[in-house]
Amino acid sequence: TGETASYDTTHELDDSGATVGSGLYMPVGVHGTLSVLSTEEDAFDDIDRQVVALLATNAAAACNRAKREQEVRETRERIATILDRINGLIENTVEVLVEATTREAVEAGVCAELAATEPYTLAWVGRPAVRGDNLDVSEWAGEADVVADGESIAVADGTPGAAALAEGHSEIVDDLASDVEWVRRLDEAGVASMMAVPLAYTDSTYGVLFVCSDRPDAFHGREQVVLEALGRAVANA
C-alpha cells in the first residue's frame, strides 16, 4: 500500500507461525520494505519510528540512484553497440561504392553488406519497370528465398515501396499482414519489419532499396537516418 505498518504487540511474522513482539514495516519506495523487529512488545517509540522512516527514505533514494545508474550504463552500452555496427556498415558500404564500376555491382554489394549486418536479414533493389507501376528485382541478398532476380513486384497505392518510388519518401512497415502476394511471402518467411528506401539523388530516381529484419520496430531512430543517407549515396554512385 506504500504505507507504514506498526505492531506494538506480539504478532505472526509469516505463515510459518514465527512471532515477534513488535515490528515496524516501512516502504522503501517501490523497491520493497524495511522491517525492524523486536522480541519485546512496545519496543519502538516515536523517535525510533522517525529514525526508521529516515532510513527507509534514504534507502529508497539509494535504490532509485542505483537503478538510474544501471539504466544509464545499459543505454551507453546499447548505443556503443549500435554505433559500432553502423560504423562497420558505413565503412563496408563506402568501400563497395568506391570500388564498384557498374550499377549492378553497386546494388549487389550494398544488398550483400546489409543482409550480413544485424538486425537485417534480407535486402534487395527494385528498379522501375518500363511499363506499369511495378518494380523489377535487380539484385538481392539474404537467407530468406522470397524474391528472385528479374521478378516484377506490384507497388500500387498503399503497397510498400509505392510512396518511396513516386514521392521519394522512405517507408517503414511494422505490420506485414497484407493481401499483396510478395508481402505475404515476406511475412511467412519471418520478416517482422521492413523499410523501403528511395534511391533518389537530385532529380533522378533509380528505384527502391528494400531492407528487412526479423525484429519488430527495427527501423526507427538512427536506423532510419542511416539507411536514408545510404540510399542517397547509392543513388549518387
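The values are calculated or read from the model by the stated rules, or taken from the named source; none is laboratory data. Everything quoted here is computed from the prediction, not taken from an experiment. We place every Cβ from the backbone using ideal geometry, glycine too, and count neighbours over all the protein chains shown. The area values use the complete protein model at the heavy-atom level, side chains included, leaving out ligands, DNA and RNA. Shrake-Rupley method; radii C 1.70, N 1.55, O 1.52, S 1.80 Å.
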In a Gaussian network model over the chain where Cα atoms closer than 10 Å are linked, find which of ASP214, ASP45, ASP84 has the largest mean-square fluctuation.
ASP45
Output for segment 1-90: GluC sites (Glu not before Pro) sitting in coil per DSSP, at most 12 other Cβ within 10 Å, listed by number, reads GLU3, GLU40
Under a GNM of the chain (C-alpha, springs under 10 Å), which listed residue has the highest mean-square fluctuation: ASP179, ASP15, ASP46?
ASP15
GNM on the chain, Cα springs under 10 Å; top mean-square fluctuation among ALA177, ALA43, ALA156 goes to ALA43
Restricting to Cα pairs under 8 Å and 6 or more apart, the percent relative contact order of segment 123-211 works out to 29 percent
Taking only DSSP H segments of four or more residues, each worth -39500 (n - 2.57), what value at 222 nm results for the chain once the sum is divided by all its residues, to the nearest 500 deg cm²/dmol?
-14000 deg cm²/dmol
Compare TYR7, TYR120, TYR25, TYR206 by solvent-accessible area with a 1.4 Å probe and give them largest first, with all protein chains kept in place.
TYR7, TYR206, TYR25, TYR120
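What does the charge count around GLU228 come to, taking other residues whose C-beta lies under 15 Å from its C-beta (Lys +1, Arg +1, Asp -1, Glu -1)?
-1
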The FRET efficiency for GLU143 and ARG232, from their Cβ-Cβ distance with R0 = 22 Å and rounded to 0.05, is 0.20
Quick calc: nm separation of the 7 Å Cα→Cβ label points for ILE86 and THR9 -> 6.5 nm
Ignoring everything but the protein chains, give the 1.4 Å probe accessible area of ILE79 in square angstrom, nearest 10.
60 Å²
Probe of 1.4 angstrom, ligands and nucleic acids ignored: what's the accessible area per residue over segment 22-147, in square angstrom?
60 Å²
Just by accessible area at a 1.4 angstrom probe, what is the order of VAL183, VAL226 from largest to smallest?
VAL226, VAL183
Ignoring ligands, DNA and RNA, please state the percent of accessible area on the chain from carbon and sulfur, probe 1.4 Å.
48 percent
